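Quick note: the coordinates plus some simple rules give every number you see, no bench work behind them. Computed from a predicted structure; not experimentally measured. Virtual Cβ from ideal backbone geometry, glycine too; neighbours counted across all protein chains shown.
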Protein chains: 2
Amino acid sequence: MTSRKTVQNTHIEAPFRVLHSALVDVTVFMNRPQADEAMLREAGISLDRALFPLLLGIERFGPIGVVDLADRAGRDHTTVSRQVAKLESLGLVERQADARDRRVRNAVISPKGKAMTDQVDAARMRMAHALFEGWDPADIEQLSRLMRRFADGIATMTKDD
Amino acid sequence: MTSRKTVQNTHIEAPFRVLHSALVDVTVFMNRPQADEAMLREAGISLDRALFPLLLGIERFGPIGVVDLADRAGRDHTTVSRQVAKLESLGLVERQADARDRRVRNAVISPKGKAMTDQVDAARMRMAHALFEGWDPADIEQLSRLMRRFADGIATMTKDD
DNA sequence: CTATTTATGTGCATAATGCACACAATGAGG
DNA sequence: CCTCATTGTGTGCATTATGCACATAAATAG
């Protein structure tokens with residue numbers, strides 16, 4: 001049933017497919033702005049669709065320059081430049097000169113911006129608690145460990161292209 | 001170092017945080033249209049940024065109606081309606097009447113569209129092979145299994161809201 | 001020192017997005 | 001059967017986001 005095609009790696013293809021489809025499902029979920037927006041509205045906050053992922057990116061990867069951020073977001077650097085400026089004008093991020101490269105104006109999250117992303121994190125954490133109810137703690141630990149390793153692998157691959 | 005705050009669930013919070021940050025990293029990667037676009041260009045195909053995720057969604061979840069698809073994509077249904085029409089005019093998806101609800105015009109992927117998504121899948125599979133080099137097959141199997149379970153949990157939660 | 005690359009940003013045309021609205025089909029309640 | 005609210009789909013229109021061409025400043029290569 002599972003052994004088809006070239007026999008060499010078939011035994012490893014099946015888990016790949018399972019993993020891939022699971023990742024697609026999770027990615028779709030993580031992308032849902034409705035969830036985030038609903039949470040933020042609940043907290044009395046509102047932010048444009050396009051701005052929010054960038055705020056999360058700055059929180060996670062900052063201090064980060066416009067070009068790097070644009071690369072991560074998959075958008076043109078000019079678009080990101082404008083959006084970061086907007087986030088700055090909203091007081092959600094701050095910009096600071098890079099110590100080693102004076103061209104770079106790194107974006108870092110402001111206390112006000114951090115308060116927003118913290119709320120999103122907290123809401124996700126609450127969901128996680130509900131989601132993992134009934135799981136064996138060892139499985140949770142395994143999943144976390146392997147996902148981290150997987151993400152690190154991706155980061156390594158991405159770096160050397 | 002890791003034990004702070006309320007002691008009650010601290011032992012389970014740490015894996016959550018690790019998992020969350022790993023998921024964010026992976027999500028960022030999966031969202032990169034550059035990767036997909038590069039692959040498609042390599043194959044002589046070109047498709048608009050906004051259209052491609054929808055094509056992947058239709059391939060994965062189709063036959064699916066505009067409203068459902070819009071909900072998954074996190075965009076307004078009117079936007080998705082136009083984009084699906086565009087995909088249809090490009091011959092990448094087909095539309096068919098729903099057997100039970102004559103209002104619904106389900107979108108399904110066409111052979112031509114499938115050929116495109118297959119190429120993306122194949123490219124991702126190649127990357128996976130490189131990524132998992134040196135992994136213990138048992139770990140790969142574990143990761144796949146647990147991620148699938150995790151994704152199913154999310155799907156269940158999402159369904160009942 | 002000159003040439004090239006890199007990081008950031010602006011002007012402008014184009015595409016995407018969402019709201020208001022419309023219409024057809026469904027389903028609930030009388 | 002007949003309203004009437006709900007749901008799935010789609011169009012007109014104003015707004016916003018996006019990316020290309022281009023510009024500037026700083027770093028880097030030669």
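Miscellaneous remarks
- Here the contact order of segment A:32-159, divided by its residue count and restricted to Cα pairs under 8 Å and six or more residues apart, works out to 22 percent.
- Judged by the ratio a/c of the largest to the smallest principal axis of the C-alpha gyration tensor, segment A:80-161 counts as oblate, that ratio being 1.5 or greater while a/b is no larger than b/c.
- On the basis of the beta-carbon distance and an R0 of 51 Å, residue A:156 and residue B:99 show a calculated FRET efficiency of 0.60.
- Simple spin-label estimate for residue B:17 and residue B:136 gives 2.6 nm between the two label positions (7 Å along the Cα-to-Cβ direction from each Cα).
- Our coupling estimate for segment A:19-24, obtained by passing each phi through the Karplus curve with A = 6.51, B = -1.76, C = 1.60 and θ = phi - 60°, is 4, 4, 5, 5, 4, 4 Hz, Gly and Pro reported as x.
- Other-chain or far-sequence residues with amide H under 5 Å of residue A:109's (modelled H): A:94
- Extending 7 Å from Cα along the Cβ direction at residue B:126 and again at residue B:88 yields two label points whose distance is 3.4 nm.
- Across peptide B:136-146, the mean count of Cβ atoms from other chains lying within 10 Å of each residue's own Cβ comes to 6.
- Label 7 Å beyond Cα on the Cβ vector: residue B:138 copy-to-copy distances, nm: 1.1
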